[in-house]
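Below is one structure, written out as structure tokens, with a few remarks after it.
The values are calculated or read from the model by the stated rules, or taken from the named source; none is laboratory data. Not measured: the values here are computed from a predicted model. Using ideal geometry, Cβ is built from the backbone for each residue, glycine included, and neighbour counts are taken over all protein chains shown. To get the accessible areas, we keep the full protein, side chains included, count just its heavy atoms, and leave off ligands, DNA and RNA. Shrake-Rupley method; radii C 1.70, N 1.55, O 1.52, S 1.80 Å.
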Amino acid sequence: MQTMRAMLFEAPGQLLRLAELPIPQPGPGKVLLKVHACGVCHTDLHIVDGELSEPKLPLVLGHQIVGTVVQAGTGAKRFQTGVRVGVPWLGATDGTCRYCKRGQENLCDHPTFTGYNVDGGFAEYSVADERFCFPLPAAFTDVGAAPLLCAGLIGYRAYRMAGENVKTLGIYGFGAAAHIITQVAKHQGKKVYAFTRPSDTAAQEFALRQGADWAGDSTQAPPENLDAALIFAPVGALVVAALKATNKGGVVVCGGIHMSDIPAFPYNLLWEERIIRSVANLTRRDGEEFLDLAPQVPIRTDVTAFPLEQTGEVLEQLRSGQFVGAAVITIISV
Ligand SMILES: [Zn+2]
Ligand SMILES: [Zn+2]
């Protein structure tokens with residue numbers, strides 16, 4: 001039996017552990033990928049901490065996978081061997097529920113999430129449903145492309161939900177998603193105001209380097225009111241801060257899968273047709289649209305790469321906000 005190195009998650013609260021696992025076999029409609037790189041996401045931290053409470057166990061985390069197809073299961077004909085693809089959080093849907101039928105597959109009643117219900121990409125090999133893989137633009141390196149697959153893609157869905165007429169955009173929480181979406185928003189002629197944890201000057205300088213027009217603490221008011229705000233930090237109090245900073249009819253979009261409670265706030269902050277909404281997962285259409293747009297901007301991801309065995313430490317660094325930009329695990333095959 002051939003084996004591979006993988007980072008294994010066995011129970012909430014436990015550290016990830018480097019393990020030797022059998023190389024998985026692709027079932028019908030699936031492809032086996034040799035993993036080159038896999039991005040680290042805040043959602044991984046929510047799984048490790050037990051805030052997303054129903055993972056398959058034991059589990060290989062990781063849902064921003066860049067790899068090449070090395071083997072196809074029965075009936076899988078979409079990709080030739082050797083083609084590079086990306087695998088996102090949405091690993092499969094039932095295709096039959098009311099949400100799938102009306103073009104909202106992101107809300108599917110029976111979804112499969114990569115690195116949550118099935119093993120993901122913090123391993124030398126991974127299996128994916130070929131229908132949910134994306135061909136990747138050649139302009140991006142493996143490491144450069146990985147953050148596009150969740151930070152970029154779900155960030156883009158959140159950005160789209162802000163609406164067409166946005167001229168001033170606030171972004172709360174300046175990590176992987178924010179640095180990508182700032183570039184898209186600037187490309188489309190918008191003003192971007194970036195908010196970070198109080199006195200996180202490194203993140204504020206990073207935001208300005210990505211093209212933000214202003215960067216400050218989340219407790220500060222922006223230089224002008226916002227037409228929309230995107231919240232990428234899992235902090236409920238930011239919803240209230242963002243509402244205070246928005247114009248009439250403004251939209252506050254919560255981009256994360258988990259958030260601390262939103263404090264009570266006076267109705268007048270919501271009055272005048274302000275909207276609070278969340279964004280859940282992604283559709284394949286979001287992915288196709290965003291990966292088409294990425295090389296046109298062109299998006300330049302700011303990535304710090306780490307070896308596989310450091311995945312656990314990287315998650316802790318993400319928790320404490322120790323690095324700016326995106327973290328990606330590079331997989332060195334044996
Ligand atoms: Zn993610
Ligand atoms: Zn469905």
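Counting only protein heavy atoms and a probe of 1.4 Å, the accessible surface of the range 110-253 is 50% carbon and sulfur. Largest mean-square fluctuation among 312, 95, 155, in a Gaussian network model of the chain whose springs join Cα atoms under 10 Å apart, belongs to 95. Here the spin labels are modelled as points 7 Å beyond Cα on the Cα-Cβ line, and at residue 305 and residue 220 they lie 3.5 nm apart. Taking every C-alpha pair closer than 8 Å and separated by at least 6 residues, the mean separation divided by the residue count of the range 77-164 gives a relative contact order of 32 percent. Our analysis of the chain gives Rg over Rh at 0.97, with the two radii drawn from alpha carbon positions and Rh computed by the Kirkwood formula.
Which net charge results for the neighbourhood of residue 116, defined as the other residues with beta-carbon distances under 13 angstrom from its beta-carbon, given Lys and Arg at +1 and Asp and Glu at -1? Spelling it out: positives minus negatives among the neighbours equals -3. Compare 84, 98, 277 in a GNM of the chain, Cα atoms joined below 10 Å, and give the one with the largest fluctuation. Highest fluctuation among the options: 98.
3J(HN,Hα) couplings calculated from phi for the range 246-252 with the Karplus curve 6.51 cos²θ - 1.76 cosθ + 1.60 (θ = phi - 60°) are, in sequence order, 9, 6, 3, x, x, 10, 10 Hz; Gly and Pro show x. Once a ≥ b ≥ c are taken as the square roots of the eigenvalues of the Cα gyration tensor of the range 251-327, is the result rounded (a/c under 1.5), prolate (a/b larger than b/c) or oblate (a/b not larger than b/c)? Because a/c hits 1.5 or more and a/b fails to exceed b/c, the range 251-327 counts as oblate.
Diffusion of the range 130-204 by Stokes-Einstein, at 37 °C in a medium of 0.692 mPa s and with Rh set to the Kirkwood radius over alpha-carbon pairs, works out to 241 µm²/s.
The calculated P(r) of the range 47-158, using every Cα pair and 5 Å bins from 0, goes 2, 11, 19, 23, 22, 14, 6, 1 in percent.
Approximating the spin labels as points 7 Å out from Cα along Cα→Cβ, the residue 21-to-residue 278 distance works out to 2.7 nm. The listed residues 78, 102, 157 rank as 102, 78, 157 when sorted by accessible area, largest first, using a 1.4 Å probe. If you line up the long axis of helix 284-293 against the longest principal axis of the chain, both from Cα atoms, how many degrees apart are they, to the nearest 10? Helix 284-293 sits roughly 70 degrees off the main axis of the chain. Taking every alpha-carbon pair within the range 234-282, the share separated by more than 17 Å comes to 31 percent. A 1.4 Å probe run over the range 74-191, with the rest of the protein chains in place, finds 39 Å² accessible per residue. Partner aspartates and glutamates whose Cα lies under 18 Å from the Cα of residue 186, excluding those fewer than 8 positions away in the same chain, are identified as 164, 205, 213, 224, 227, 289, 292, 302. The charge dipole of the chain, taken about its Cα centre with unit charges on the Cβ of Lys, Arg, Asp and Glu (plus for the first two, minus for the last two), comes to roughly 820 debye. Between 122, 206, 232, the Gaussian network model of the chain with springs among Cα atoms under 10 angstrom shows the greatest mean-square fluctuation at 206.
Note on residue 11 and residue 262: their simple-model spin labels are 3.6 nm apart, each label 7 Å out from Cα toward Cβ.
Residues whose amide H falls under 5 Å from that of residue 303, counting only those 5 or more places apart or on a different chain, are 326, with hydrogens built in the peptide plane.
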